[in-house]
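Read through the structure below, which is laid out as structure tokens, and then see the notes.
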Amino acid sequence: MRNLHRFWLVVVWCTITVWCSGTGVHPKPFVIPELKEWKGNTGFFVPAQLRIVYPVKDAELKRIAALFADDYEKMFGKRPEVVSGKAKPGDIVFGIRKDKELGKEGYDIRISDRVVVTALQPIGVYWATRTLLQMADQTENQTLPRGEIRDFPDYALRGFMLDCGRKFIPLAFLQDYVRMMSYYKMNTFQIHLNDNGFKQYFEDDWMKTYAAFRLESDTYPGLTARDGFYTKQEFIELQKQAEECFVEIIPEIDVPAHSLAFTQYKPEIGSKEYGMDHLDLFNPETYHFLDGLFKEYLEGEEPVFRGKRVHIGTDEYSNKKKDVVEKFRYFTDYYIRYVESFGKQACVWGALTHAQGETPVKAENVVMNAWYNGYADPVEMAKQGYRLVSIPDGLVYIVPAAGYYYDYLNTKHLYENWTPVQIGKAVFKEKDPSVLGGMFAVWNDHAGNGISTKDIHDRVFPALQTLAVKMWTGKEAVVSYDEFNQKRVGVIEAPGVNQAGKLAAQPGLVYEKSVLKPGEHTPYTEIGYNYRVSFDVEGEDELPGTELFRSENAVFYLSDPVRGMLGFARDGYLNTFRFNIRNGEKVKITVAGNARETSLYVNDRLVETLNKQTLYFNEGKAKMSYVRTLVFPLEKAGHFKSKITNLKIMQE
């Protein structure tokens, strides 16, 4: 898989090598996030019988060495030996040493006839391994330029938030995102576990409006969403996986607004005045219900919510009446303290400028996501003592295909202008201690809009690469955006991860098969945007639901389950073309897909393009864009009767 991702970085590396041959000193290697300090030398470290050497009896560095060896093998096909004891030339050596200038997460790498990695804490050694993997991936034989690296982050919290409430995100996708974030030294993953759609798309009826809570619940049987959820054990294992690679998962239960999943389950706690997506703050039963819900995941020696932080929501509640504002402030303070009673640090959405009042709300040791200054003035919140996470909606909110905020972030503007100290129009001094760091977010506001997890990834990945730099390297990033944007496409998602389904770095044929037999596997799971899949068919009568190919993420039908047409299903959506293959018919079929549309060609003639369409609701008063894209499945052929020949898979 490594060979499929490496083309552009090899070009860059060859250019660097030519330049070096004239001067003898290596320029700063390109990695994401960019290195803070580099002192180039001459020559290369050449791994031969590569060993990773850790200090005797240091169990944590032994564990990190094993993780590094695992990832090295995934990327390069050979596994280094992990040993303790004395190092020799050709080794990669791990160690801990006092170097307070590096801070908790910083690290030092010295590359000569061996590679010596040191840090103040094990997390720094782990981040150093991410740098080494990216550097090694730029050459054919994993040689490393000799020199010295000192690297450390500007911001302690570097994060991403994903709305899993309005769209179910499969566990495997979350697991891959933990790996990706870790590969780019992003250390905080906020998972938004409940939310709801907008009622204008659901007959203006709250009880028909889409809403979901994604965690298994024993306290409230029937509360958990039926169209996708995580068992408690699955969520625990996800957090354990994240902990192993130094990513913190912050689970979020969003109350008292965005709470329709709870009021559909228990209508008496819904607000009759402000809408059923608001909890009734004056009803004691609301607190009894939420106490039980939070307690289920927080109590015990091994709680479901394992990390040090838990997010309680608290945004976008009505402020029309003073008594409601005061009750909202009471509610916020109550659940901050309730979460703290279980030994956790509480996180909240900024809302206390919107909800100004006299009722005190605890600020000490509370983390606030500062998202919109009209809801929470970040300067005032910092004065009150909140620790801020910069997540300004006008800069870093992705709302796929919604027509507001961003469909894709403006990565050029962010790379050239933003660091976490800019929160809307408020700009703090660089590295201000009030600002813990930054996040960006995906909000799946338009439930039912056809967006797939692959579409989400297509939007997130360039943003993740860009913002990893701005949260780690900050103002000191020195590569131009154009250079960064050119080079970043050559950096893989993470060892063993390929959510984009990229099978080739250059356009061309990546796979062909003269005869495709029912039930057989190909070497690939799927092919991502942009692609062209073609094959010849001698048609037979196929039963509805007959598949050509399937993968874990999608199915392509020779005869869809409803109308018997060519079509595809993914993420719970079925899309069909206006074409079916008849018994005895001989045709060439081509399917071409990108991040905007999916097209069908028959005998090289365009038959139909399924692109973004507009759906109307509520007698035309509301509309929504519906997306019909496909990352084409390839893993396993279906059990068809037709004869399929001349299969060709092209990356465009």
Name the residue, out of 497, 537, 533, that is touching a Phe, Trp or Tyr at 6+ places or on another chain (Cβ under 6 Å), at pLDDT 95 or above and not hydroxyl-bearing (Ser, Thr, Tyr).
533
Could you list, in sequence order, the residues of the stretch 610-647 that are assigned to a strand (DSSP E or B) and hydroxyl-bearing (Ser, Thr, Tyr)?
614, 616, 625, 626, 645
Scanning the stretch 565-579 for residues that are touching a residue at least 12 places away in the same chain (Cβ under 8 Å) and assigned to a strand (DSSP E or B), the one surrounded by the most Cβ atoms within 10 Å (Cβ to Cβ) turns out to be 568
Return the residues of the stretch 507-539 that are part of a loop (DSSP other than H, G, I, E, B) and among the β-branched types (Val, Ile, Thr); say none if nothing qualifies.
522, 525
Residue in the stretch 426-443 that is free of Cβ contacts under 8 Å to residues at least 40 places away in the same chain and either on the phi > 0 side of the Ramachandran plot or crowded, with 18+ Cβ neighbours inside 10 Å (or both) present:
no
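Check whether at least one residue in the stretch 294-304 is over 24 Å from the mean Cα position of the chain (by Cα) and of a type in the set (A, V, I, L, M, F, W, C), and report yes or no. Spell out how you get there, then give the answer.
Here is the first cut: in the stretch 294-304, the residues over 24 Å from the mean Cα position of the chain (by Cα) are 294-296, 298-303.
Applying the additional criterion that residues be of a type in the set (A, V, I, L, M, F, W, C) yields 294, 298.
For the stretch 294-304, residues over 24 Å from the mean Cα position of the chain (by Cα) and of a type in the set (A, V, I, L, M, F, W, C): present.
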Pull up the stretch 50-76, narrow it to residues that are assigned to a loop (DSSP other than H, G, I, E, B) and in contact with a Lys or Arg (Cβ under 9 Å, 6 or more places away or on another chain), then point me to the one that is farthest from residue 496 (Cα to Cα).
55
Pick from the stretch 566-601 the residues that are farther than 18 Å from residue 633 by Cβ and among the basic types (Lys, Arg): which of them is nearest to the chain's Cα centre (by Cα)?
596
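Quick check on residue 361: is it modelled with pLDDT of 95 or more, under 30 Å from residue 284 (Cβ atoms) and touching a helix residue (DSSP H, G or I) at 6+ places or on another chain (Cβ under 6 Å)? Explain how you work it out, then say what you get.
Values: modelled with pLDDT of 95 or more: yes; under 30 Å from residue 284 (Cβ atoms): yes; touching a helix residue (DSSP H, G or I) at 6+ places or on another chain (Cβ under 6 Å): yes.
So residue 361 fits the description; yes.
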I'd like the full set of residues that are closer than 28 Å to residue 472 by Cα and among the basic types (Lys, Arg), limited to the stretch 71-111.
74, 97, 98, 100, 104, 110
Determine whether the stretch 184-201 contains at least one residue that is over 22 Å from the mean Cα position of the chain (by Cα), surrounded by fewer than 19 Cβ atoms within 10 Å (Cβ to Cβ) and in contact (Cβ under 8 Å) with a residue 60 or more places away in the chain.
yes
Lone unmet requirement of (1) within 18 Å of the chain's Cα centre (by Cα); (2) farther than 27 Å from residue 394 by Cβ; (3) charged (D, E, K, R) for residue 487
(1)
Does any residue of the stretch 317-329 turn out to be in contact (Cβ under 8 Å) with a residue 60 or more places away in the chain, in contact with a Pro (Cβ under 9 Å, 6 or more places away or on another chain), assigned to a loop (DSSP other than H, G, I, E, B) and farther than 21 Å from residue 241 by Cα?
yes
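Considering only the stretch 71-112, state which residues are of a type in the set (Asp, Glu) and at pLDDT 95 or above.
First pass over the stretch 71-112, keeping only residues of a type in the set (Asp, Glu): 71, 73, 81, 91, 99, 101, 105, 108.
Across the stretch 71-112, the qualifying residues are 71, 73, 81, 91, 105, 108.
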Can you give me the number of residues within the stretch 540-564 that are crowded, with 19+ Cβ neighbours inside 10 Å and in a loop (DSSP other than H, G, I, E, B)?
6
Per the filter on the stretch 314-329, residues modelled with pLDDT of 95 or more and surrounded by 15 or more Cβ atoms within 10 Å (Cβ to Cβ) are 314, 316, 317, 318, 319, 324, 325, 326, 327, 328, 329
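Go through the stretch 580-609 and give me each residue that's part of a loop (DSSP other than H, G, I, E, B) and in contact (Cβ under 8 Å) with a residue 60 or more places away in the chain. Spell out how you get there, then give the answer.
First, pick out the residues of the stretch 580-609 that are part of a loop (DSSP other than H, G, I, E, B): 580-585, 594-597, 603-604.
581, 594, 595 - these are the residues of the stretch 580-609 that are part of a loop (DSSP other than H, G, I, E, B) and in contact (Cβ under 8 Å) with a residue 60 or more places away in the chain.
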Count of the stretch 354-409 residues which are more than 24 Å from residue 467 (Cα to Cα), without any contact (Cβ under 8 Å) to a residue 12 or more places away in the chain and among the hydroxyl-bearing types (Ser, Thr, Tyr):
0
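This table checks each residue for (1) outside the structural domain of residue 472 (by TED's automatic domain parsing); (2) part of a strand (DSSP E or B); (3) touching a Pro at 6+ places or on another chain (Cβ under 7 Å).
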position: 78; (1), (2), (3): yes, no, no
position: 93; (1), (2), (3): yes, yes, no
position: 134; (1), (2), (3): yes, no, no
position: 161; (1), (2), (3): no, yes, no
Among the residues in the stretch 131-153, are any farther than 30 Å from residue 210 by Cβ, surrounded by 21 or more Cβ atoms within 10 Å (Cβ to Cβ) and without any contact (Cβ under 8 Å) to a residue 40 or more places away in the chain?
no
Identify, from the list 278, 288, the residue that is at pLDDT 95 or above, crowded, with 16+ Cβ neighbours inside 10 Å and of a type outside the set (Val, Ile, Thr).
278
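For the stretch 130-181, what are the residues that are at negative phi and polar (S, T, N, Q)?
Quick first cut of the stretch 130-181, residues at negative phi only: 130-141, 143-146, 148-181.
Passing the criteria: 131, 134, 138, 139, 141, 143, 175.
Give me a count of the residues in the stretch 332-361 that are of a type in the set (D, E, K, R), crowded, with 17+ Cβ neighbours inside 10 Å and over 28 Å from the mean Cα position of the chain (by Cα).
So the first thing to find is which residues in the stretch 332-361 are of a type in the set (D, E, K, R), and the list is 333, 337, 340, 344, 358.
Going one step further and asking which of them are crowded, with 17+ Cβ neighbours inside 10 Å, we end up with 333, 344.
Now drop any that are not over 28 Å from the mean Cα position of the chain (by Cα), which leaves 333.
The qualifying residues number 1.
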Which numbered condition in (1) more than 20 Å from the chain's Cα centre (by Cα); (2) in contact (Cβ under 8 Å) with a residue 60 or more places away in the chain is the only one that residue 124 fails?
(2)
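The values are calculated or read from the model by the stated rules, or taken from the named source; none is laboratory data. Since this is a predicted model, take the numbers as computed values, not measurements. Please note: Cβ atoms are built from the backbone with ideal geometry, for glycine as well, and neighbour counts cover all protein chains shown.
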